[in-house]
Amino acid sequence: MTASINVYAYLNAAWSNITSDVQTDTLMAMWGMRSNKPNDRIADTGQLSFTLNNTTGKYSPDGASALSGWKKGVFVKVVITYSGQDFIRFRGAVDSVRIDAGTQSQRKAYVTVLDWLDYAAKYPLNAPAVEEDKTADYAIDAIVDAMTIA
């Protein structure tokens with residue numbers, strides 16, 4: 001069985017496959033609990049990083065030939081297809097894009113994507129209501145409803 005990895009960006013209200021521009025050997029993701037040490041019992045913000053071929057400048061936000069909709073905050077997902085079935089293995093929003101300067105040789109865009117836990121860390125709940133005898137789905141809905149950015 002072979003697996004394929006595809007990277008999509010949510011551009012102009014549709015998922016666009018940008019895999020052809022991703023240098024796959026640079027694709028790296030980490031999320032959740034990164035060790036089993038006592039101080040690491042709380043999940044950390046997930047992070048995805050990869051490098052894009054930016055020779056044409058289409059991944060330079062606000063550039064003359066920029067890809068329409070590409071900017072900080074755009075959603076990105078990584079989908080792994082195995083045995084004909086798609087599995088989303090990472091989903092987040094672009095946090096930063098660092099671009100090679102100059103016009104000579106192959107320019108690159110270095111992208112960092114953070115998952116939803118970044119929002120939870122930036123916008124903590126203040127004085128959340130305490131609930132008793134509720135199901136987990138009710139608790140999750142109550143938490144999301146109380147967030148600044150749901």
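For the criterion of being among the aromatic types (Phe, Trp, Tyr), closer than 16 Å to Asp115 by Cβ and more than 12 Å from the chain's Cα centre (by Cα), Phe87 passes. Consider segment 46-84 and keep the residues that are assigned to a loop (DSSP other than H, G, I, E, B) and touching a strand residue (DSSP E or B) at 6+ places or on another chain (Cβ under 6 Å). The one that is surrounded by the most Cβ atoms within 10 Å (Cβ to Cβ) is Tyr59.
So that you can scan it fast, the table gives a plain yes or no per residue for (1) under 26 Å from Val78 (Cα atoms); (2) surrounded by 15 or more Cβ atoms within 10 Å (Cβ to Cβ):
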site: Arg107; (1), (2): yes, yes
site: Val113; (1), (2): yes, yes
site: Asp118; (1), (2): yes, yes
site: Ala121; (1), (2): yes, no
site: Glu131; (1), (2): no, no
site: Ala136; (1), (2): no, no
site: Ile140; (1), (2): yes, no
site: Val144; (1), (2): yes, no
site: Met147; (1), (2): yes, no
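Just one of the numbered conditions (1) over 19 Å from the mean Cα position of the chain (by Cα); (2) of a type outside the set (Phe, Trp, Tyr); (3) at positive phi is not true of Gly69: (1). For residues that are of a type in the set (D, E, K, R) and crowded, with 16+ Cβ neighbours inside 10 Å, scanning just segment 85-99, find the one that is farthest from Met28 (Cα to Cα). It comes out as Asp95.
For the residues Ala129, Ala121, Ala93, the requirement of being part of a loop (DSSP other than H, G, I, E, B), under 19 Å from Met147 (Cα atoms) and touching a residue at least 12 places away in the same chain (Cβ under 8 Å) singles out Ala129.
A quick yes/no check of all residues on (1) at pLDDT below 90; (2) under 25 Å from Leu11 (Cβ atoms); (3) over 12 Å from the mean Cα position of the chain (by Cα):
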| residue | (1), (2), (3) |
| --- | --- |
| Ser96 | no, yes, no |
| Asp100 | yes, yes, yes |
| Gln104 | yes, no, yes |
| Tyr110 | no, yes, yes |
| Leu117 | yes, yes, no |
| Asn126 | yes, no, yes |
| Ala129 | yes, no, yes |
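In the set (1) without any contact (Cβ under 8 Å) to a residue 12 or more places away in the chain; (2) touching a Lys or Arg at 6+ places or on another chain (Cβ under 9 Å); (3) under 22 Å from Arg107 (Cα atoms), Trp70 fails one condition alone, (1).
The values are calculated or read from the model by the stated rules, or taken from the named source; none is laboratory data. What you are looking at is a predicted structure, and each value in this text was computed from that prediction instead of being measured. Glycine gets a Cβ as well: all are built from the backbone with ideal geometry, and neighbour counts include every protein chain shown.
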